[in-house]
1. Contact list please: Cβ distance under 8 Å, first residue in the range 91-115 and farther than 17 Å from residue 148 by Cα, second residue open to solvent by 10 Å² or more (accessible area, probe 1.4 Å) and of a type in the set (Val, Ile, Thr), pairs at least six apart or on different chains.
2. Give me the pairs, please: first residue somewhere in the range 41-53 and closer than 19 Å to residue 67 by Cβ, second residue anywhere and open to solvent by 60 Å² or more (accessible area, probe 1.4 Å), beta-carbon distance under 6 Å, and either six or more positions apart or on two chains.
3. Select from the range 214-228 the residues that are under 10 Å from residue 262 (Cβ atoms) and among the small types (Gly, Ala, Ser) and write down the one among them that is most open to solvent (accessible area, probe 1.4 Å).
4. Filter the range 6-38 down to the residues that are of a type in the set (Gly, Ala, Ser) and within 19 Å of residue 111 (Cβ to Cβ) and list them by number.
5. Which condition number in (1) more than 21 Å from residue 159 (Cβ to Cβ); (2) open to solvent by less than 60 Å² (accessible area, probe 1.4 Å) is the one that residue 74 fails?
6. Starting from residues that are under 16 Å from residue 69 (Cα atoms) and within 8 Å of the chain's Cα centre (by Cα), keep the ones in the range 149-163 and report whichever is surrounded by the most Cβ atoms within 10 Å (Cβ to Cβ).
7. For the range 164-179, name all the residues that are surrounded by fewer than 17 Cβ atoms within 10 Å (Cβ to Cβ) and more than 18 Å from residue 146 (Cα to Cα).
8. Among the helices (runs of 4 or more DSSP H) lying completely within the range 207-311, list those that include at least 1 residues that are more than 27 Å from residue 147 (Cα to Cα) and without any contact (Cβ under 8 Å) to a residue 12 or more places away in the chain.
Amino acid sequence: MTRRAVAMLVFPDFQILDAAGPIAAFEIAGRLAPGAYELQVVAATPGPVVSSSGAALMAGTLSQTPLDTLLVSGGDGTRPERLNPSVIALAAQASGQARRTASVCSGAFILAEAGLLEGRRATTHWSRTADFRRRFPKTLLEPDRIYVRDDPIWTSAGITAGIDLSLALIAEDLGEAIARATAQQLVAPRRRPGGQSQFSGLVEMGGATGRFEGLLNWAGQRLCERLSVEQLAEACAMSPRNFARAFVREVGMTPAKAVEHLRVQAARQRLEAGEPIDRVALAVGFGDAERMRRAVLRTYGQPPQALRRAARDQG
């Protein structure tokens, strides 16, 4: 078996789980498939690199071994370090040597500063999407995705999404059986039951502080209605303009996108229960099956028929 060199790039104030999660996934996969991976941690300045939690990783220089995969951590440190020429140069150099490059969370800012995401599809942590779009308008950001693959670049959403990304990389290298076994060792889902939208929990909680939880519960009982911004704002006793701004700030997406998410979640439950597709589309407010199909595909990366088939196979 060919040994694949995997490098994790870190910097001061990186998020420890952004690095440790993928490292653990590749380590376990390497035990299940002996000799599959050679892991290294690299930094612009070798030595102990202190994360935002105070815990440190010992980093070295980029190995002379041909690099298969570059992973870039995220964290608070991406704010100053994306302007550090040494970090950006290392990311560009390592990516140029690697077969594929990936970022976790706000590590996408490092890749973007290195010019690696221009014209490509990508994602990052939901709370950083507005800043990312402002700074890198030529990147095709998909803020609701757990991870995005645009060969040879992969990007993932916040923190634990780095494990989802790593499992997908492992599946590509070693096959689905090893990826599933790795997930079992991590006590993590191979694929999240809630689908591949990083907004799943956030919408259900009503936002970062739960401010709109009552509103979204209210909307969830009225999915057959139009649920316009004006209607939602009235339910909150706010002007439409102030409501829309506050909602995006709190939840990380527009009210229309949140309503779509609620409809898709409701559709999934009905589809998995075996209800006819046309009936489900009407029941949850999509109006027709094609509109529902497009929305389900955007959220879960697969059509309604696939969701129903997966639920039937698991049953």
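The values are calculated or read from the model by the stated rules, or taken from the named source; none is laboratory data. Bear in mind the structure is a predicted one, so any value in this text is a computation, not a measurement. Cβ coordinates were reconstructed from backbone atoms using ideal geometry, including for glycine residues, and neighbour counts include every protein chain displayed. Ligands, DNA and RNA are stripped out before the accessible areas are found, and what is left, the full protein with its side chains, is counted by its heavy atoms. Shrake-Rupley method; radii C 1.70, N 1.55, O 1.52, S 1.80 Å.
1. Going by the 8 Å Cβ cut-off, the qualifying pairs are 113/88; 114/88.
2. The qualifying pairs are 44/86; 46/61.
3. 220
4. Restricting attention to the range 6-38, the residues satisfying the condition of being of a type in the set (Gly, Ala, Ser) are 7, 19-21, 24-25, 29-30, 33, 35-36.
Those that are of a type in the set (Gly, Ala, Ser) and within 19 Å of residue 111 (Cβ to Cβ): 7, 19, 21.
5. Only one criterion is unmet by residue 74, namely (1).
6. Of all residues in the range 149-163, those under 16 Å from residue 69 (Cα atoms) come to 149-156, 162-163.
Now restrict to residues that are within 8 Å of the chain's Cα centre (by Cα): 155-156, 162.
Working: 155: 32, 156: 34, 162: 31.
The residue in question is 156.
7. So the first thing to find is which residues in the range 164-179 are surrounded by fewer than 17 Cβ atoms within 10 Å (Cβ to Cβ), and the list is 172, 175-177.
Selection gives 175, 176, 177.
8. Values: elements: 213-220, 229-235, 240-251, 255-272, 277-283, 289-300.
Here the list reads 213-220, 229-235, 240-251, 277-283.
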